[in-house]
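Reviewing the structure listed below.
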Amino acid sequence: MAASPAARRRKVRRRADMSLLGGIRPPIAALSALLLTLAGITALGLGKAEADLVPKAVLTSQQHFAEDGAVALRASIDESVTDLNRTAGLFSASEPVSPDAVLDKIGSVYQKWTGTAVLEIKSGKLLAARGENVPVTAVDTSKLREKDGLSPRMVRLQNGETRLLSFALLSWEGRPQQLLIASNSLRFPGIALGQFRAIAVVDTEGRVLSSDGIPEPEQVLTDLQRDGVKRSNKQLKSFAKTAAHKAAQHPLKSKEPGSGGFLGVSGSLYGTEFQGDRAVAGYATLVGPEPGESTVATSLGLTVVAMVEVAEDPTRSAGPLFGLLAAGALLVIGALAVALLLGTVQRPLIRLFLESRRLTRGDVTRPVNVPSHGEAARIGHALERVRRQLLGESAQSTATEGRRRAGRFGSRGLIAVCAVLLLAWSAPMLLLLNRADSTVVVPEQMVNDQRERTETLTDRVRRALNEGHADLVSVAALIGDRTAPDDMRKVLERTRTEHLRYESLYVMSADGKVITSAGETPRQEAGKLPAEKLLGLVNDSGKEPVIAGQAEIPGRDGARLVGEFRIDFINSLLKRPGLGQVRVVDDKRQIIAGNTGYRAFEKLPDERLDSFVAGSNQKVGLSARAGGVLYRDSGDGVQLAAAAPFVGGGAAKSLGWTVVSWQPASGLAIPEYSLQNRTVLAGLLGITAAAACLGWLHIVVVRPLRELARQSEALADGDRRTVLYPRHHDEVGAVIRSLELLRQQLQEQRKRDGAPAAATAGRN
């Protein structure tokens, strides 16, 4: 059974008495809270004085330098162990040879060990030795059969130096088993230290096992220099203790949230100050190339510490004035915007809500308190007309009241004014204030680090290619003239499995015919590599460079062992954080490899980079040298660049390649750029807060309010048939519910008065 009109009115009143959910208050309150929070962030973020006189970019760069050293040391140790085991395995698979022949062959192919020795395991007799005396007395041959008995170990010599001993077995049927021992110092291969940097290897107890960069006291001339050496050694030992302690934590806990890159524990340290120079350091643990992967080197528990002294700049400290002024301006503008919303939107709407409820309760003697402008004024005039109609006047007689309305500047215009006010603060912060131009001060240490890290990366690539060619020489010598093609293939497969640098390995006869191969199908272009060239690029166009090395197989009439390198292997060597874009270019300055996307055999993207690479290849003295440069351009900003040509021995020297790196200074944590970034962030937060809250207000209040104004005017004009129902339980919904009750009262009044139906027809 249908409810009576009185029951419907009671139901609507109960809904009107419900707590207001949403409505006009939450957006304005949220805007106020966000603006207050943003003002606090602005005052703290932009007004905080720079306490560190050494930019964070310098500290981060030292961390990256230590990571480079850790990567290079880990790769060197693992490569040495792999080469020793593989060489011993190849010797064991061939005819027995004398211990002296084994060591002579190893010494002619690899020049990486300070000393080598062959020991008879059963008797402990030393059979042969080369180079530095190997501490064989530290090797207990009775424990070699135990678990990890052949694992590398560190031994401290009487002079205090530390040696890393690696072991491999030489086994021939019918002969006593022999132990091949290789000794090596824990020094870094090809790390460019520059003039003022020191680097050290530290164990888990914080002891310095080896160091480079700090001269011995007897190598300096004056007492002042000797004092500097003592101070540097003391600071390095202090850094070593701290780094060893920090290295014990979990890698994920040592990084800032969201930071990636290096897989191990790494960070930076802040040291003491002396005569305006501050000692800073970076540290990094040895970690595997893949997440969760453990290697021989990582099991040693070593940490790399890189230390350098940088000049402090006391003029860099920034005062709190700008942040306080910006925060104060935001508070003033925000208070004005919020006051405008409260006075012109919220209060008139709440007043209409109270007036509409008063009319529904039957209090129609007092005129409606009509707001002064906008949709609220239109609704107020409509309510006044409805009140007069409840007193008996007709819709036609009150129509003249409807024409006396406020101007059309409504709530949308008010929100637009508030948006303009907030934009007046946010836009300058986003686009104009605290801009770092081409005159920004970039620490000289950053240019030095860019150059030295690029030089280190160059040496790493060169050594990797040399190592690859040395493997080819070793395998070719062991293949000899008696190995069948099937056995050749097994050797090649094992070599390719142990060394992932090769895409394919194959034996090629003197006339260019492939005898046997392992891996991918050999590239026909590799046959174009001249016989006298040990390592080279065999194509100058196409989608992918083909880098091949070769070694002649003795006793096979000019047959060669050819290895083609994976270009992804070269690219993986270049992926170091903090260097920007890195490219390897050939002697024609065409791109061969890179750490980011590139097109093979293209020129460098900038003519000045091309000229810089050409200049860095000019000999200074006996050879070319790495160079670093800082470009300042009003259009492109400030850019760091470095180039380092291949310098050193080995087969890769003849390639004439160069590694070049560049990056914008704006990506570095330099105070000027940090202040600019924080200012831009404040502007973005201001725009976001304004857009979110004002957009929210427009959706939940302004649009329903405009529709309410239309419906109320229709009701005042005589529309009694259109049922008014609220869409939301808020102030606008409460006014609509009151209008619906008033519509029902007018409809009942018409029935009581017997008014004709035509008199109540209204417009939609």
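Which FRET efficiency value, to the nearest 0.05, is calculated for D148 and R632 with the Förster distance at 41 angstrom and r the Cβ-Cβ distance? About 0.15, to the nearest 0.05. For region 259-314, the ratio of Cα radius of gyration to the globular rule of thumb 2.2 N^0.38 Å stands at 1.48. Remark: the E544-S98 segment gains 156.1 nm on full extension, using 0.36 nm per residue and subtracting the alpha carbon distance. If you take the Cα centroid of region 683-699 and the Cα centroid of region 274-297, the two points sit 45 Å apart. On full extension, the segment bounded by T204 and Q219 gains 2.4 nm, given 0.36 nm per residue less the C-alpha separation. What whole-number distance in Å separates the alpha-carbon centres of region 448-515 and region 149-177? Using only Cα atoms, the two centres lie 25 Å from each other.
Projecting the Cα atoms of S299, N595, Q219 onto the dipole axis of the chain, where Lys and Arg carry +1 and Asp and Glu carry -1 at the beta carbon, places N595 farthest toward the positive end.
Using the Cβ-Cβ distance between W696 and R752 with R0 set to 56 Å, the FRET efficiency works out to roughly 0.80. Summarising the label geometry, the points placed 7 Å from Cα in the beta-carbon direction at S171 and Y725 lie 8.8 nm from one another.
Please tell me the relative contact order of the chain in percent, rounded to the nearest whole number, where contacts are Cα pairs under 8 Å and at least six residues apart. Write out the running numbers ahead of the final one.
On the way: 1300 pairs, mean separation 121.7, N = 764.
Once divided by the residue count of the chain, the mean separation gives 16 percent.
Within the assembled protein chains, the solvent-accessible surface assigned to W172 is about 20 Å², based on a 1.4 Å probe.
Per-residue surface analysis assigns V364 an accessible area of about 20 Å², computed on protein heavy atoms at 1.4 Å probe radius. Take region 436-585 with all the other protein chains still there, run a 1.4 Å probe, and you get 42 Å² of accessible area per residue. Using a 1.4 Å probe on the protein heavy atoms, what percent of the accessible area of the chain belongs to carbon and sulfur? After summing per-atom areas, the C and S share lands at 53 percent.
Cα centroid separation, region 324-342 to region 711-728: 38 Å.
Which GluC sites (Glu not before Pro) in region 165-265 pass both tests, a DSSP loop state and at most 14 other beta-carbon atoms within 10 Å? Don't jump to the answer; show the numbers that get you there.
Working: sites: E173, E205, E218; in loops: E173, E205.
Passing sites in region 165-265 are E173, E205.
Heavy atoms only, 1.4 Å probe, whole protein assembly: order Y110, Y270 by accessible area, highest first.
Values: Y110 10, Y270 95 Å².
Ranked list, largest accessible area first: Y270, Y110.
Restricting region 593-684 to GluC sites (Glu not before Pro) that sit in a DSSP loop and have at most 15 other Cβ atoms within 10 Å of their own Cβ leaves E602.
Using a probe of 1.4 Å, the accessible surface attributed to T116 totals some 10 Å² when neighbouring protein chains are kept in position.
Determine the order of D636, D730 by accessible area, beginning with the largest, at a probe radius of 1.4 Å.
On the way: D636 110, D730 10 Å².
Highest to lowest solvent-accessible surface, that is D636, D730.
Structural descriptor for region 571-715: relative contact order 19 percent, calculated from alpha carbon pairs under 8 angstrom and at least 6 residues apart. Beyond 22 Å in Cα-Cα separation lie the following of the pairs K122/K143; K490/K528; K105/K147: K490/K528; K105/K147.
Would you mind getting the Kirkwood hydrodynamic radius of the chain from its Cα pairs, rounded to one decimal in Å? Don't jump to the answer; show the numbers that get you there.
On the way: mean 1/r = 0.0303 Å⁻¹.
For the chain, the Kirkwood estimate is 33.0 Å.
Sort L675, L31 by accessible area with a 1.4 Å probe, largest first.
Numbers: L675 45, L31 0 Å².
The ordering from most to least exposed comes out as L675, L31.
Counting only Cβ charges, +1 for Lys and Arg and -1 for Asp and Glu, the dipole size of the chain around its Cα centre is about 5540 debye.
The values are calculated or read from the model by the stated rules, or taken from the named source; none is laboratory data. The model shown is predicted, which means the values in this text are computed figures rather than measured ones. Counting neighbours? That spans all protein chains shown, and the Cβs are built from the backbone with ideal geometry, glycine included. For accessibility, only protein heavy atoms count, side chains too; no ligands or nucleic acids. Shrake-Rupley method; radii C 1.70, N 1.55, O 1.52, S 1.80 Å.
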